[in-house]
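No lab work stands behind these numbers, since they all come straight from the coordinates. What you see is a predicted model, and the numbers here were worked out from it, not measured in a lab. Backbone-built Cβ (ideal geometry, glycine too); neighbour counts: all protein chains shown.
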Amino acid sequence: PEEHYSFKPVPEVRSFGQLVGHVADAQYLFCSAVKGEKVAPKGIEKTKTSKADLTAALKEAFAYCDAAYASMTDEQAAKITKFFGRERANITV
């Protein structure tokens, strides 16, 4: 329910809605690296608060990732990518 999106078990942690927004933001971060794109931070965690807005943002973020992985070739999957300051394989098996 809408009222649970502002729930925080203690004041020092993120609300449920902020966690949903964080997941959506992370999807863009990780999947833009897969696509080799530079995507500006969306700031969903800090700007969206309603269930409807967060649900829509999360769906859009997953659609972005679905497209990234659907278009990936085996060659791209084996490519080493610089991420968080370190070189990493795109896909680990």
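Set the Cα radius of gyration of the range 1-71 against 2.2 N^0.38 Å, with N its number of residues, and you get 1.17.
If you build a Gaussian network model of the chain, linking Cα atoms that sit under 10 Å apart, which residue out of A57, A26, A77 swings the most? So, out of A57, A26, A77, the one fluctuating most is A77.
Result for the chain in a Gaussian network model with C-alpha springs under 10 Å: among D66, D53, D74, the largest mean-square fluctuation is at D74. Here the chain is treated with +1 on each Lys and Arg Cβ and -1 on each Asp and Glu Cβ, and its dipole about the Cα centre works out to around 260 debye.
Using a Gaussian network model of the chain in which every pair of alpha carbons under 10 angstrom is joined by a spring, one finds that among V13, V23, V39 the greatest mean-square fluctuation is at V13. For the chain, relative contact order (Cα pairs under 8 Å, six or more residues apart, normalised by length) works out to 25 percent. Separation of the alpha carbons by more than 19 angstrom is noted, of K8/K59; K42/K82; K35/K82, for K8/K59; K42/K82.
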